[in-house]
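Some notes on the structure that comes next.
Derivation of every value follows stated rules applied to the coordinates shown; laboratory data play no part. Quantities reported herein were computed from a predicted structural model and do not represent experimental measurements. Here the Cβ is made from the backbone with ideal geometry for all residues, glycine too, and neighbour counts use every protein chain on show.
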Amino acid sequence: MDNREDLNEGSISDAVEQTTDKDSFKERLLFYMRKRHLNPTSLSRKAMLNMTAVRDILAHEKTPNPRIDTFIKLCHALGISPHHLSPDFEKFYSSPLLELLNEMDDLNEQDRQAAEENRQGAKE
């Protein structure tokens with residue numbers, strides 16, 4: 001099953017549910033990179049990081065531990081909240097706040113998809 005096709009139709013909260021078995025930072029990072037159709041270099045550029053930053057994170061033999069500013073830039077470039085990339089952040093949020101963040105992420109995803117559809121339509 002191709003995750004890209006399934007996730008382009010779904011919401012971020014649906015994607016989070018699909019990543020619950022992906023407990024490593026690298027697996028989640030790769031998951032969201034595929035969802036956004038980004039390779040390591042393009043994500044590094046989008047996050048305004050060194051061109052090899054994402055490649056270095058993915059090549060790290062053990063669990064990478066990026067600096068917090070790098071982590072936040074990656075989340076921003078991927079259009080996700082920190083708790084999507086690292087489940088450790090969930091413990092910092094109350095249940096109502098976590099639900100609100102997920103709803104906001106879903107709305108942002110809908111906006112992103114609508115903008116992409118508008119760009120595609122403008123090209124035709």
Query raised in the report: How do T70, T63 rank when sorted from fewest to most other Cβ atoms within 10 Å of their own Cβ?
Result: T63, T70
Report task. Return a single number: how many Lys pairs in the stretch 30-124, at a sequence separation of 8 or more or on separate chains, have alpha-carbon atoms below 26 angstrom apart. Result -> 11
Requested in this report: Along each of the three principal axes of the Cα atoms of the stretch 72-124, give the extent in whole Å, ordering the values from largest to smallest.
Outcome: 46, 22, 11
Report summary line: When S44, S94, S86 are ranked with the fewest other C-beta atoms within 10 Å first, the list becomes S94, S86, S44
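Can you check what the net charge comes to around N50, using other residues whose Cβ is under 14 Å from the Cβ of N50 (Lys, Arg +1; Asp, Glu -1)? Walk me through the numbers before you get to the answer.
On the way: positive: R45, K46, R55, R67, K73; negative: D56, D69.
Taking every other residue near N50 into account, the sum is +3.
Write out the chymotrypsin sites (Phe, Trp or Tyr not before Pro) in the stretch 48-124 meeting two conditions: DSSP loop, and at most 16 other Cβ atoms within 10 Å of their Cβ.
On the way: sites: F71, F89, F92, Y93; in loops: Y93.
Sparse-neighbourhood loop chymotrypsin sites (Phe, Trp or Tyr not before Pro): Y93.
Please report, in whole Å³, the volume per residue of the convex hull around the C-alpha atoms of the stretch 24-124. The partial results should precede the final answer.
Working: hull volume 10.0 nm³, N = 101.
Convex hull volume per residue, Cα atoms: 99 Å³.
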Report task. For a footprinting-style exposure proxy, rank R36, R67 by other Cβ within 10 Å, fewest first. Result -> R67, R36
